[in-house]
Structure formats: structure tokens, C-alpha cells
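Working notes for the structure below.
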Amino acid sequence: MNEPKITIYQFADFVNGFTGVRPTEQRLGQHAFNILHEIHPEIANKIRGSIVDPSYDDKYLPRFLCCLLNEFVEIKNNE
């Protein structure tokens, strides 16, 4: 696995950020992807168009979050 891009704390901040107030014209999946793209465009670009991209269908949001948690989050044993 490549070096993690975000920490567990950044992941928690990300989840808290997209579950808060969002533009009324955006679905939750769109909003989550857009926030990820603002914070970590390199990660968003890897996900774009894949089977975990929630931009066009909110049903992919759980896969999206699992992908971020499993592939990009560093969980240190001493934290």
C-alpha cells in the first residue's frame, strides 16, 4: 500500500464537514466528493468515475467512505 494521504483525524473532519450544511442544489454524494476535491484533489481524481464515486448516485456514498477509510487513512497504533 502506498503512503497514506490523510490521517484518521482529517478523515473525521472530512465526514463532519460534508454531513453539515450543504448547498440545496447538491445531493450528499456530490457534496462529499466536492469537499474531498477541495481538500485532497489528488485523492478525488483517483476516485472520479470509479465504482465508489458518489457524484452521480448517493448509493455509492458508503463505498466512497469505506474506500477513503481503507485506502487513504493512516491509523497509528500509538494514537
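The values are calculated or read from the model by the stated rules, or taken from the named source; none is laboratory data. This one's a predicted model, so the numbers in the text were calculated from it and none came from an experiment. Because the Cβ atoms are built from the backbone with ideal geometry, glycine has one as well, and the counts that use them run over all protein chains shown.
If I ask for residues that are of a type in the set (G, A, S) and touching a residue at least 12 places away in the same chain (Cβ under 8 Å), which ones from region 17-43 would you list?
G17, G29, A32
Considering region 32-69 alone, what residues qualify as being under 17 Å from A12 (Cβ atoms) and either more than 11 Å from the chain's Cα centre (by Cα) or crowded, with 17+ Cβ neighbours inside 10 Å (or both)?
A32, I35, L36, H40, I43, L61, F64, L65, C67, L68, listed by residue number.
Output the residues belonging to region 49-79 that are modelled with pLDDT of 90 or more and assigned to a loop (DSSP other than H, G, I, E, B).
If the condition is that a residue be modelled with pLDDT of 90 or more and assigned to a loop (DSSP other than H, G, I, E, B), then G49, S50, I51, V52, D53, P54, S55, Y56, D57 are the ones that fit.
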